[in-house]
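Asker: I'd like to ask you about the structure that follows.
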Amino acid sequence: MDLTVVTELNLCLNYTCEYAHKTTVTVLLNACVTAVIILTVCGNLLVIISISHFKQLHTPTNFLILSLATADMMVGVTVMPLQFITKTLCWHMSTTLCYFSLLCSTHFTFVSIYNVTLISLDRFYALSNPFQYSNNITLKVTSVLICLNWFVSLCYNLFFIYLNVTGNGDVVCFGECPVVVNETWAVTDLFVTFVIPCSVMIILYTKIFAIARKHAKNINITRNHGECVPKASERKAATTLGILVVVFVTCLLPYFLCIELIPIIPYTLFDQVLDATLTIVHLNSTFNPIIYALFYPWFQRCAKLILMLNIFNPGSSLINVLSKN
């Protein structure tokens, strides 16, 4: 056989193998991304239905978890699919839609950050002032705080995007919104969206665990004297939410470190590093319902009732989902 023909045949075989390999990897990657999006949406939807439907779960802390799950679900509905599209094809669109997608990403992330901060405050107040907590922290007060959080977040992010817009018209590809953040805004945003809330979380949970440890040592003495101590369930809830905070900060930290280390990250690698850290931020919305499923028995019972369609039975909202039976 002619040497030229053999060479061309080998090249064709190599190209075919390489193409098949790339196709397989692409299919697996697409399947994984789709699974993550479905898990994010469905997992958080289960949390939303559970707390909304079962009246026994209508507590201030659970309302904050409901707000967090709503923001996480919206990340799965809007942000994750759009981010996935930008990595697979060049989608030509107007800057209006581009800015809308950017607003969704920043808004829902901001809401999540301050939801977790409010949960930290809620748990700290419940453990340190158990008598005052039940009187002062009501569903009405919590609902007002949640609405205020969503409203402030929307205003802040609208203002942030408006002041940093650098152009109009069409963009080449989705995700290339002409937004350039100046140094002052970059520092302000870093403190508002990361340093301040995360510092509050860490300080509060340090105090929470100190209180829990103190109560654990003195629980027999305080019971003998008839003093009020936080319930074991309160301490367990604080521990579980502490895990939520640790995971949350761990997911956010790489992204903000990347932003701050822009000058020393090679230009050729910056886009890949930024995309990877931003993906980790969004994956936090997937992790949260998994944490609930692992550490909240009531969520496991609610999920079972929902998946078996028992919530459509008369009086199902009054089921005691906190009972072990």
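Asker: Do we find that ILE49 is at pLDDT 90 or above and closer than 22 Å to VAL249 by Cα in this structure?
Answerer: In short, no.
Asker: Next question. Restricting attention to segment 182-239, which residues are charged (D, E, K, R) and either in a helix (DSSP H, G or I) or modelled with pLDDT of 80 or more (or both)?
Answerer: GLU183, ASP189, LYS207, ARG213, LYS214, LYS217, ARG223, GLU234, ARG235, LYS236
Asker: Residue check: is LEU127 at pLDDT below 85, surrounded by 12 or more Cβ atoms within 10 Å (Cβ to Cβ) and touching a Pro at 6+ places or on another chain (Cβ under 7 Å)? Before you say what the answer is, go through the steps one by one.
Answerer: Values: at pLDDT below 85: yes; surrounded by 12 or more Cβ atoms within 10 Å (Cβ to Cβ): yes; touching a Pro at 6+ places or on another chain (Cβ under 7 Å): yes.
Judged against the criteria, LEU127 is a match.
The values are calculated or read from the model by the stated rules, or taken from the named source; none is laboratory data. Here the structure is a predicted model, which means the values were calculated and not measured. Virtual Cβ from ideal backbone geometry, glycine too; neighbours counted across all protein chains shown.
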